[in-house]
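> The structure is given below, and queries will be raised subsequently.
The values are calculated or read from the model by the stated rules, or taken from the named source; none is laboratory data. Since this is a predicted model, take the numbers as computed values, not measurements. With ideal geometry, Cβ positions are generated from the backbone for all residues, glycine too; neighbour counts draw on all protein chains shown. These accessible areas exclude ligands, DNA and RNA; they are computed on the full protein's heavy atoms, side chains included. Shrake-Rupley method; radii C 1.70, N 1.55, O 1.52, S 1.80 Å.
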Amino acid sequence: MEQTKLLVQAITKGIQEKKGSNIVIADLSNIEGAICRYFVICQGSSPAQVEAITDSVTDYVRINKGEKPVKVAGLGNAQWVAMDYSDVLVHIFLPDVREYYDLEHLWEDAAITHIADLD
């Protein structure tokens, strides 16, 4: 479990490197039948920034944790990119797409942590 928390921290740093904003971590580890242990959700202000955040997370986690995502989906239009790290799913949205899908509230029983934006 500690390794998973360290992975979440590395993902968060990768997001912050490219000024990803409104980072939310949903802890699903105590929810029976959840598809993973954590969701990390954030947003970029443009498709180019969403793509840059995706690249940053991939690079930061590979360099610092030695892990690669199992799958990355959504880079074609870069409105919603999902990165699968098995125990952690990363969702990088454009603001309006994030608001529409409202993943933070999909899992009502999850413990939610909000990470302050960097200046």
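> Sort out which residues of segment 13-26 are in a helix (DSSP H, G or I) and not β-branched (Val, Ile, Thr), and write them in order of number.
Passing the criteria: 13, 14, 16, 17.
> Among the residues in segment 103-111, are any in contact (Cβ under 8 Å) with a residue 40 or more places away in the chain and in contact with a helix residue (DSSP H, G or I) (Cβ under 7 Å, 6 or more places away or on another chain)?
Within segment 103-111, not a single residue is in contact (Cβ under 8 Å) with a residue 40 or more places away in the chain and in contact with a helix residue (DSSP H, G or I) (Cβ under 7 Å, 6 or more places away or on another chain).
> Give me the pairs: first residue in segment 24-51 and free of Cβ contacts under 8 Å to residues at least 40 places away in the same chain, second residue of a type in the set (Phe, Trp, Tyr) and outside any loop (DSSP other than H, G, I, E, B), beta-carbon distance under 9 Å, and six or more apart or on different chains, which are they?
From residues that are free of Cβ contacts under 8 Å to residues at least 40 places away in the same chain, the pairs are 29/38.
> Please enumerate the residues belonging to segment 27-84 that are open to solvent by 60 Å² or more (accessible area, probe 1.4 Å), among the small types (Gly, Ala, Ser) and either at positive phi or in a loop (DSSP other than H, G, I, E, B) (or both).
If the condition is that a residue be open to solvent by 60 Å² or more (accessible area, probe 1.4 Å), among the small types (Gly, Ala, Ser) and either at positive phi or in a loop (DSSP other than H, G, I, E, B) (or both), then 33, 45, 66, 76 are the ones that fit.
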